[in-house]
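Worksheet for the structure shown next.
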Amino acid sequence: MQDPYKVLGVSSTASDEEIKKAYRELAKKYHPDNYVDNPLSDLAQEKMKEINEAYDTITRSRKNGGQSSSSGGYSSGYSSGWSGGSAYQQANSAYAQIRSAINAGNLQYAEQMLDSCPTRDAEWNFLMGSLYYRKGWLDDARSFFQRAVSMDPSNGEYRQALNMMNGAGSPYRQTGYGPPAQQGGCDMCDMCTAMMCANMMCGGCR
Amino acid sequence: MFGYVRPLVPELKVKEFERFRACYCGLCHELGREYGAAGRSILNYDFVFLSMLLWGGRDSCDYCHRRCLPGLFRKKCVCASAPALTVAAGYSVILAYWKAVDNRDDSRGAKKLLSRAVCLLLKRPYKKAAGLYPAFDKSVRERLDGLHALETANCPSLDRAADQFALLLSSASGAAGEDSRRVLEQLLYHVGRIVYIADAYADLREDLKDGRYNPVAARYGLTAASPDDGTRESVRETLLSSVDLAAAALALLPKSYWTPVTENIVLLGLPDMIDHVLAGTYVTAGKRLPKRPQLGQNGE
């Protein structure tokens with residue numbers, strides 16, 4: 001196993017506070033919410049696991065060494081990954097298949113399935129959007145999400161997807177010299193959006 | 001289409017800026033040594049970025065002191081030749097050659113003569129580079145052909161057109177190590193997408209005047225060179241979404257000597273470039289960059 005201090009990017013003499021801070025920063029960076037629908041989400045998950053393990057190892061060894069440790073907060077970690085989205089009920093089995101194909105990164109198959117769908121309802125538009133997002137065709141993805149939302153404005157999942165395209169919850173925005181905008185904090189609303197985004201694509205992968 | 005990927009210099013530490021400059025000079029010397037003066041003339045920031053990404057997990061860089069035309073009287077500190085610089089130099093020659101061929105076939109009159117001369121000058125360097133990197137050469141040719149077909153068909157999908165150039169750039173990840181190839185592919189895809197769309201936006205006026213295909217104009221059905229606010233915001237959104245995805249990929253690359261600079265480029269440099277391109281205030285900086293008249297006129 002790798003040196004846990006190296007994983008967190010701190011020296012072995014760092015204080016508990018410093019370690020916690022480094023851990024929190026990394027956990028924020030590799031959080032699954034930043035990799036929703038991202039083709040690299042598996043790598044981010046691995047990284048997250050690594051960080052959690054390193055943090056656990058350090059806090060455990062320090063506790064045993066008699067040092068006071070203020071472990072807590074994130075320590076239970078995100079290592080369990082995403083839950084399977086059990087609440088999600090999928091009526092249409094073709095759509096469920098497409099969903100899992102997109103989740104698994106099998107984009108060609110998903111595209112064929114979508115092309116052969118007879119109906120072009122809100123869900124179809126949403127799945128097309130997800131597919132294009134995954135491909136990196138972000139302009140088309142946005143148009144499809146917009147259409148899905150306008151066809152079924154009551155669906156929270158579609159709205160979240162569109163919000164995500166508009167940069168809601170992005171950790172990378174508003175750091176430059178561009179038009180001034182307030183620095184993104186993390187209020188309850190953001191958390192809620194983030195959780196819903198995370199849940200968005202979990203429906204098919206059980 | 002070059003010169004869009006560069007750091008936001010005021011946000012770099014002084015040592016990071018000196019490193020960046022040394023890398024820029026290092027690539028210039030590499031081009032000069034391997035491909036002669038013609039090769040040196042195609043130096044651009046985008047491939048400095050690529051060489052930093054291809055550096056791998058190495059946590060160091062060797063420096064040496066070299067003389068060159070701008071530094072005739074005082075030797076400059078430059079990066080010594082490294083595998084990443086060699087590859088980036090070869091790739092940039094291949095891309096520059098095919099872009100020149102494209103220009104030659106597309107332009108008329110004096111411009112045609114000029115680009116024909118560029119093609120002739122780059123012919124020999126290109127042959128050498130294509131011999132060294134046949135896979136990249138093949139993918140550049142295929143993608144530019146694909147792009148050409150879409151241009152001829154007046155493709156209304158911004159993504160479909162950008163996809164070709166994005167795939168072209170992402171094929172440069174083939175030179176990376178096994179562990180980071182997938183991440184680099186995604187990162188370069190989105191950087192390529194951003195460059196293509198930003199360049200199209202910057203060229204709007206010129207393209208509409210000359211009646212050339214422009215993906216932004218085709219996507220939004222523009223006929224005047226000054227898009228309305230809605231269009232501009234829509235382009236900004238789609239570009240910033242790509243920045244998000246590029247940044248998410250960058251975070252997964254192993255830390256290297258260049259990480260502070262590459263993070264600056266993606267997280268600050270690209271959004272800043274996008275702001276300026278959309279405001280019409282972007283100037284492809286660096287007097288040492290190849291002068292492209294249509295890019296120089298965006299500052300009005």
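Annotations for the structure displayed:
- Near pairs, Cβ below 9 angstrom, 6+ apart or cross-chain, from segment A:136-152 (of a type in the set (Asp, Glu)) to any residue that is in a loop (DSSP other than H, G, I, E, B): A:Asp139/B:Ser157; A:Asp140/B:Ser157; A:Asp152/A:Asp121
- The one condition from (1) more than 9 Å from chain A (Cβ to nearest Cβ); (2) surrounded by 23 or more Cβ atoms within 10 Å (Cβ to Cβ) that B:Leu158 does not meet is (1).
- Candidate set from segment B:29-52 (those that are among the charged types (D, E, K, R) and in contact (Cβ under 8 Å) with a residue 60 or more places away in the chain); member that is nearest to B:Ser92 (Cα to Cα): B:Asp46
- Residue identified as crowded, with 18+ Cβ neighbours inside 10 Å, touching a Phe, Trp or Tyr at 6+ places or on another chain (Cβ under 8 Å) and more than 10 Å from chain A (Cβ to nearest Cβ) among B:Tyr201, B:Tyr213, B:Tyr196: B:Tyr196
- Residue check for B:Tyr24: among the hydroxyl-bearing types (Ser, Thr, Tyr) and closer than 17 Å to B:Val191 by Cβ: no
- Long-range neighbours under 6 Å by Cβ, at least six apart or interchain, first residue over 18 Å from B:Arg141 (Cα atoms) and in contact (Cβ under 8 Å) with a residue 24 or more places away in the chain within segment B:99-126, second hydrophobic (A, V, I, L, M, F, W, C) and part of a helix (DSSP H, G or I): B:Leu121/B:Ala38
- Selection of first residues in segment B:250-269 that are more than 12 Å from every other protein chain (Cβ to nearest Cβ) and within 15 Å of B:Ser180 (Cβ to Cβ) and of second residues that are buried (at least 21 other Cβ atoms within 10 Å of the Cβ) and aromatic (Phe, Trp, Tyr), restricted to Cβ pairs under 8 Å at least 6 apart or on distinct chains, gives the following pairs, ordered by first then second residue: B:Ser256/B:Trp55; B:Tyr257/B:Trp55; B:Trp258/B:Trp55; B:Thr262/B:Phe49.
- Leading residue by the ranking (nearest to the chain's Cα centre (by Cα)) among those in segment B:1-20 that are assigned to a helix (DSSP H, G or I) and in contact (Cβ under 8 Å) with a residue 24 or more places away in the chain: B:Phe20
Since every read-out is calculated from the coordinates, none of them should be taken as a lab result. What you see is a predicted model; the values in this text were computed from it and never measured. So basically every Cβ, Gly included, is an ideal-geometry build from the backbone, and we count neighbours across all protein chains shown.
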